[in-house]
Structure formats: structure tokens, C-alpha cells
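First up is the structure itself, then whatever we jot down about it.
The values are calculated or read from the model by the stated rules, or taken from the named source; none is laboratory data. In this text, all values refer to a predicted model and were calculated from it rather than measured experimentally. All Cβ positions, even for glycine, are placed from backbone atoms using ideal geometry, and neighbour counts span all protein chains on display. Accessible surface areas use protein heavy atoms only, side chains included; no ligands, DNA or RNA. Shrake-Rupley method; radii C 1.70, N 1.55, O 1.52, S 1.80 Å.
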Amino acid sequence: MSTRTPSPRSRLLAIAGLLLGLATTAVASPAFAHDELVASDPAADSTVAELPAELTLTFSGVLIDEAGVNAISATDAAGTELADGAPQLDGTQVTQPLSGESQGTITVRWRVVSSDGHPVSGEYSFVAGDPDQAPTAAPDEADEATSDEGLPPAFWVIVSVVAAGGVTAVTTALVAASRRRGED
Ligand SMILES: [Cu+2]
């Protein structure tokens with residue numbers, strides 16, 4: 001272990017790294033031109049008679065339209081996805097067709113690409129129809145319990161291969177060490 005003072009090259013690298021870090025932070029920070037959700041139909045926290053055929057979200061700027069970049073999800077209390085097809089973008093408005101007759105609290109999650117190129121996302125909810133008719137949410141614990149039951153056979157194959165590899169490496173090292181000792 002030497003305690004040399006850092007060479008000019010490594011100092012330069014450190015400075016370059018620092019500058020890169022600062023630049024990344026600046027890019028990641030929200031810009032002034034970040035678009036926000038300004039209105040929706042149905043409105044957030046409102047109650048409507050029944051599940052509408054579509055949702056309309058209005059943003060503060062013209063969104064970027066590229067296949068797959070904008071996504072709207074609408075789920076009922078049971079977690080059933082109600083969004084039917086791709087969202088339609090028209091300037092500052094995004095329309096998302098829905099299907100089904102779910103009642104109760106509908107949660108809308110949206111992700112769009114702001115006019116400044118930054119992805120923005122958020123969520124809100126509204127109530128459709130009679131909340132007492134809302135489907136009961138499936139307990140998440142049940143899903144987790146089934147998926148955690150027993151690891152897949154492939155996992156144990158990998159474990160055995162890694163273990164076998166480790167044993168081989170240790171054996172090789174021991175043999176090599178004893179040979180070296182023998183030579184001395
Ligand atoms: Cu931005």
C-alpha cells in the first residue's frame with residue numbers, strides 16, 4: 001500500500017466526474033416547462049353516475065406523441081384494468097377509452113411525456129356509480145404466498161452449479177498450495 005499523492009490525471013478524472021454529476025442533477029431537476037395535469041373528465045375526487053366510456057386528461061402543454069410513451073391506466077377497487085386500448089393524444093388532451101361497468105372508486109394512473117421531453121406521471125381517483133357495489137379487492141397476501149411457495153427447480157440447479165464451481169476452485173487452490181509447499 002503506497003500513500004502517493006493523487007496524480008494530475010486522477011485529479012482531472014475526479015473533476016470530470018464531479019462536473020458530470022452536476023450536469024446530470026441539472027438535467028434531472030424539473031424544468032420550468034414541465035407540463036402538469038390541469039383538468040380531467042371525470043374530475044379528480046368527483047362522483048359520476050356510472051363508469052364513463054372514456055377518460056379525458058388535459059395538460060398544461062402539448063405532449064410529445066410517440067408510440068407507447070403515453071400510458072393511462074384505470075383500475076377499480078379489485079384492481080381490474082378498465083383501460084381499453086391505447087390512449088389518443090390530441091395536443092394537450094389525452095383520451096383513454098374504458099370498458100366494463102365497474103362501480104366504486106376508480107384509480108387513474110397516468111404517464112405522459114411533457115413538451116420539454118421529460119416524462120411526468122401522477123394519479124387521481126373518482127367514484128363511479130354506487131360505492132357499495134364496488135368489487136372487493138383481492139388480498140395481495142394470497143398472491144404473494146403462492147409465488148413464494150417453493151423456489152423453481154432452475155434456482156436449485158444454479159445453486160448446485162455455483163456450489164460445485166466453488167468447491168472446484170477451493171480444491172484447485174489447495175492442491176496448488178500443497179504442490180508449492182512440496183517444492184520448497
Ligand atoms: Cu421537464
Would you be able to tell me the number of residues in the stretch 96-114 that are open to solvent by 30 Å² or more (accessible area, probe 1.4 Å) and either more than 18 Å from the chain's Cα centre (by Cα) or within 16 Å of the ligand (Cβ to nearest atom) (or both)?
7
Name the residue, out of GLY117, GLY85, GLY91, GLY68, that is loosely packed, with under 14 Cβ neighbours inside 10 Å and within 16 Å of the ligand (Cβ to nearest atom).
GLY117
